[in-house]
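Everything on this sheet refers to the single structure shown next.
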Amino acid sequence: MPVGLRHVIAGREPISIPPDDAEAYNIRQGDVPEVFNARERFLAKVKITDDVRQGCVFLWTGARYDPDFDAPQNQDRHGNPNGLTHDVRKSSLTQSHTAHSTMVQIRRFYDPAPHVKAHDPPSSENQS
C-alpha cells in the first residue's frame with residue numbers, strides 16, 4: 001500500500017476522536033466533520049477510538065491541500081491541517097516548531113461532503 005494512503009478513509013484523512021467527545025458533538029463513526037479555528041477549516045472522516053485522550057483529536061499529516069474556493073475560508077476538502085497551525089518557532093534554543101499541536105473546534109458537517117479533487121488529473125482542455 002502506498003505511503004500516505006494507508007490511513008485514508010473513503011478518500012479523506014481520518015480524524016481520531018474519543019467516544020465521549022464524538023457523542024457530545026453528535027458525530028458518528030464515518031461522519032465528515034468540519035475542523036476549524038480562526039486560521040483555516042477542513043473536512044475529514046471520523047474515526048472514533050479510545051486511543052485519543054478526551055478533549056483532544058488526532059489527525060495524520062500528509063493530506064494534499066485541496067481548497068474549495070467557493071467555501072468559507074477556502075475550506076480544504078481533503079483534511080490538510082497545515083492551515084490550522086502557525087509557523088512560529090517554539091524557542092530560540094531548539095528552533096522546533098509548534099505545528100504539531102493547535103487548538104481547534106469540531107462540528108458535524110450537515111451539507112453533502114464535496115468531492116475530494118486533490119488526486120484528480122488536471123483538465124486536458126486546450127489552454128491556448
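Things to note:
- Cut-off 17 Å, label 7 Å out along Cα→Cβ of residue 7, residues of segment 102-126 by amide N: 102-104
- Segment 37-76 - percent of accessible surface contributed by carbon and sulfur, probe 1.4 Å: 46 percent
- Sites residue 61 and residue 105 - FRET efficiency at Förster radius 22 Å, r taken between beta-carbons, to 0.05: 0.70
- Summing +1 for each Lys or Arg and -1 for each Asp or Glu among the other residues whose beta-carbon sits under 15 angstrom from that of residue 117 gives -3.
- Kirkwood hydrodynamic radius of segment 24-92, Cα pairs, Å: 13.4 Å
- Counted by Cβ distance under 12 Å from residue 74, the other residues give a net charge of -2, where Lys and Arg count +1 and Asp and Glu count -1.
The values are calculated or read from the model by the stated rules, or taken from the named source; none is laboratory data. Keep in mind the model is a prediction, meaning the values are calculated, not measured. Note that we place each Cβ from the backbone using ideal geometry, even for glycine, and neighbour counts take in every protein chain shown. Surface accessibility is based on the protein's heavy atoms, side chains included, excluding ligands, DNA and RNA. Shrake-Rupley method; radii C 1.70, N 1.55, O 1.52, S 1.80 Å.
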